[in-house]
Amino acid sequence: MALAAVLLAIPILVLLWVPHYAKEDPKLFGFPFFFWYQFLWVFLCSALTYTAFRLTLSARGKTTHKVGEDR
Amino acid sequence: MTPHLTVMASDTSGVNWVALTVLIVLFALVTVAGFMATRFKQADSLESLEEWGLGGRKFGTWITWFLLGGDLYTAYTFVAVPAAMFATGAVAGFFAVPYTIILYPIIFIFMARLWSVSHRHGYVTPADFVRGRYDDRGLSLAVAVTGFVATMPYIALQLVGIQAVLEVAGLGGGDNIIAKDAPLFIAFAVLAAYTYSSGLRAPAVIAFVKDILIYLVIIVAVVYLPGQVGGWDAIFGAAEEKMATTNAASVEAGLPPTASFIPGSAAFWAYATLALGSAMALFMYPHSVTASLSSNSRNTIRRNASILPAYSFVLGLLALLGWVAIAAGTQPIGLDGEPNAQLVIPQLFEDMFPSWFAGVAFAAIAIGALVPAAIMSIAAANTFSRNIYKEWINKSATPAQEAKVSKLMSLVVKAFALVFVLTLDKQNAINFQLLGGIWILQTFPAIVFSLFTRWFHRYGLLLGWAAGMVYGTVEAYSVVNPVTGKHFGGSTALIPGLEKMGYIAVTAFVLNVVVAVVVTAVLRATNVSNGRDETIPFDYFADADDPRVQKDIAEHATHDNPYGDADDIAGNAPAR
């Protein structure tokens, strides 16, 4: 669970640390770095949150059952 | 790229009949479809629709994901954010992207616990939870009142969005005071009628048609428009130039430069705190909590939290439409002949699309603002009738009385929203949402901290809340728009001690927490009672397999229940 917490904290800390991405270069497809970098984090955040979700599921799966599942 | 604001004024007045007709026809169609679907449901004959609406185990994650998306696009994303980008650039507008990214890790952390404890105890509002956790009516009232009040400016933002569409389509106008605000009053009347008649049922059919419209417009807009104005290089170039020109003009007029292409070092704190404050605030609103609690298991919230961030991508592209409008030379002139940045996206659509498609786009924006505004006002009204009326005014209220108060209050909350639009500076609609955020964020400690610990003392939380509310309101009031001279002109102020600009909500939040910690330490040392806690640790982990949770979900499953799922799509607490 501690690992899940770390995974969730990463996108928050990275995006709040504005100085490291508030710049124009390098550009990508005409987009200044500032913009495409944040677009990139949409997907990175999704991946990190999904990993955290799987981690909490497997941590939980050992103790409880879902409705309708075989016990 | 200096805007010549008066040159095209004559082009924008007058009614665009084709667009207006398409707008009205589509709007009528969606509304009628909604009412018909409601009838079907009452006859209990549309099992398949029910299944489809209820979150799509049948349809699978991807289509569910598609359906959820429609709810994320409101006047905030379509009108306010691009308008802020158009007017003052990245700090004012693009922070919405990191906001809607970090939103999901944040709700991942606490929303599952709120879901579990709420379903174990039958809580339907955050105020219910606080009441149960501390057995304290005062703290619960504070949370309820804040939810009610903070929703008002948020609804105001939706009204501004509908008004913008109507104004660009050519409704209203003229010099006298009634005609001038006619689009706004039409928007209000439509919203009130819409909410009053259809209530929270807002059936899945409406959600589906609305989503199709919104996606159609978004895809066409972000794919077609950038190419029409010379590609992204030209768009960013035009924006950079406009922001530099705006700043130069501000400096010349003796005002601080406020526009930004990419945030400069003076704006780092503002950008970060705007994103963080907005993200922490969103899921404190009554309508967001209602929607989250309606999901069918605690895991649904977490799974959705991991796939919803992809919407932030499209939100970012929509934000950049504000800059597409700069490159396109769009002139957002209101019917009174004055420039109004809020009109920029409807105006861009009218300029660039054939009339009939402009009408489709207008309908998408209008319906995309109406549905969430209706959901918000009903959620706020339910909080009022449950946590204020029934708790403080009429303890023995019958369900019928409670429902009547709810209906009345849903009108009151909209009327206040209208007052917000009329008295505050509607040139900067995104500020409405930020103002609501300042208030609602002050309930964060009482709700979220209490989900994890009972270390905080109820009076500490109450005093912290009071300190945050007073500080936040006073600070926001003292922000004066240098051009119009109106109070509540913005939501950023100097952070004491740092001497950088920051979102007032976050500063007030820090003050809130400090007060809560200090008062708690004193009260704990002096053994003042911290109330009785009716929850147990297990409550915070219970899932859908728990018998009490199952019973609670079954009780809330009917469509006639005022606390049921807003749109029958489970777990889609929206980012608005």
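The values are calculated or read from the model by the stated rules, or taken from the named source; none is laboratory data. Note that the structure is a prediction, hence the values are computed from the model and not measured. Positions of Cβ are generated from backbone atoms using ideal geometry, with glycine treated the same way; all protein chains shown enter the neighbour counts. Each accessible area value is taken on the protein alone, full model and side chains, heavy atoms only, with ligands, DNA and RNA left out. Shrake-Rupley method; radii C 1.70, N 1.55, O 1.52, S 1.80 Å.
Here are the numbers for the structure shown:
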item: Considering residues of segment B:400-422 that are open to solvent by less than 30 Å² (accessible area, probe 1.4 Å) and among the charged types (D, E, K, R) only, the residue farthest from B:Q158 (Cα to Cα); result: B:E402
item: Some residue of segment B:305-316 being among the aromatic types (F, W, Y) and under 17 Å from the mean Cα position of the chain (by Cα); result: yes
item: Evaluation of A:D70 against (1) at pLDDT 85 or above; (2) more than 8 Å from chain B (Cβ to nearest Cβ); (3) exposed (fewer than 15 other Cβ atoms within 10 Å of the Cβ) (one fails), failing number; result: (1)
item: In segment A:8-34, residue farthest from B:R303 (Cα to Cα) [restricted to those that are assigned to a helix (DSSP H, G or I) and facing another protein chain (nearest Cβ under 7 Å)]; result: A:P19
item: Among (1) surrounded by 21 or more Cβ atoms within 10 Å (Cβ to Cβ); (2) of a type outside the set (A, V, I, L, M, F, W, C); (3) in a helix (DSSP H, G or I), the one test that B:G138 misses; result: (1)
item: Every residue from segment B:523-557 that is part of a helix (DSSP H, G or I), touching a residue at least 60 places away in the same chain (Cβ under 8 Å) and of a type in the set (A, V, I, L, M); result: B:L523, B:V549, B:I553
item: Enumeration of residues in segment B:241-263 that are touching a strand residue (DSSP E or B) at 6+ places or on another chain (Cβ under 9 Å) and either free of Cβ contacts under 8 Å to residues at least 24 places away in the same chain or under 20 Å from B:I345 (Cα atoms) (or both); result: B:K242, B:M243, B:T246, B:N247, B:A259, B:S260, B:F261
item: Residue match in segment B:455-468 (condition: under 15 Å from B:T273 (Cα atoms) and either in contact (Cβ under 8 Å) with a residue 24 or more places away in the chain or open to solvent by less than 70 Å² (accessible area, probe 1.4 Å) (or both)); result: no
item: Hey, B:F349 assigned to a helix (DSSP H, G or I), under 24 Å from B:H287 (Cβ atoms) and aromatic (F, W, Y) or not; result: no
item: Residue count for segment A:35-45, restricted to those that are within 7 Å of chain B (Cβ to nearest Cβ) and open to solvent by 20 Å² or more (accessible area, probe 1.4 Å); result: 1
item: Residue among B:V79, B:V124, B:V117 that alone is away from chain A (no Cβ under 14 Å), among the β-branched types (V, I, T) and open to solvent by 10 Å² or more (accessible area, probe 1.4 Å); result: B:V124
item: Verdict on B:F86 being open to solvent by 10 Å² or more (accessible area, probe 1.4 Å), more than 13 Å from chain A (Cβ to nearest Cβ) and either farther than 18 Å from B:I365 by Cβ or in a helix (DSSP H, G or I) (or both); result: yes
item: Hits in segment B:89-132 - residues which are more than 12 Å from B:I430 (Cα to Cα), small (G, A, S) and part of a helix (DSSP H, G or I); result: B:A90, B:A112, B:S116, B:S118, B:A127, B:G132
item: Flag for B:G497 being assigned to a strand (DSSP E or B) and either over 23 Å from B:V289 (Cβ atoms) or at pLDDT below 90 (or both); result: no
item: Residues of segment B:287-307 satisfying the condition of being assigned to a loop (DSSP other than H, G, I, E, B) and open to solvent by less than 10 Å² (accessible area, probe 1.4 Å); result: B:S295, B:S297
item: The one condition in (1) part of a helix (DSSP H, G or I); (2) within 8 Å of another protein chain (Cβ to nearest Cβ) that B:P263 fails to fulfil; result: (1)
